[in-house]
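**Student:** Got a structure here, written out as structure tokens. Questions coming.
The values are calculated or read from the model by the stated rules, or taken from the named source; none is laboratory data. Just so we're clear, the structure is a prediction, and the values are computed from it rather than from any experiment. Methodologically, a virtual Cβ is constructed for each residue, glycine included, from the backbone with ideal geometry; neighbour enumeration extends over all protein chains shown.
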Amino acid sequence: MVYTICYNDIAAVVSAADDDPSPDSSAARRQHNKTLNTIRPQVAILPMDYRENLTLSDIKRTLTTRYTRLKIQLVRLNSAMNLRVKS
């Protein structure tokens, strides 16, 4: 299951993990990416590690209490690129 948690114009997209040690199934990744692509034009998406272990309450609290700092950082990162290189 994929959750989108929004606060003002910032969002976090989170995939629920179960007890399966390998929740990175291709179907789960596709759904996560589909959700990201759907909301990307409307809000800034908070970058999170795919395996981040936070509750929905933790994420909501982070978005609300750190909103101003997050906005400043997002402005700094506007038009920046994130590249991953496989060795």
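**Student:** Quick one: is R61 farther than 15 Å from A12 by Cβ, charged (D, E, K, R) and assigned to a helix (DSSP H, G or I)? It would help to see each step written out before you state the result.
**Tutor:** On the way: farther than 15 Å from A12 by Cβ: no; charged (D, E, K, R): yes; assigned to a helix (DSSP H, G or I): yes.
Judged against the criteria, R61 is not a match.
**Student:** Just for region 1-44: of the residues that are within 9 Å of the chain's Cα centre (by Cα) and at pLDDT 85 or above, which one is farthest from T65 (Cα to Cα)?
**Tutor:** Among those that are within 9 Å of the chain's Cα centre (by Cα) and at pLDDT 85 or above, it is L36.
**Student:** Let me ask you something else. In the set L70, L63, L54, which member is surrounded by 12 or more Cβ atoms within 10 Å (Cβ to Cβ), within 17 Å of C6 (Cβ to Cβ) and modelled with pLDDT under 85?
**Tutor:** The conditions single out L54.
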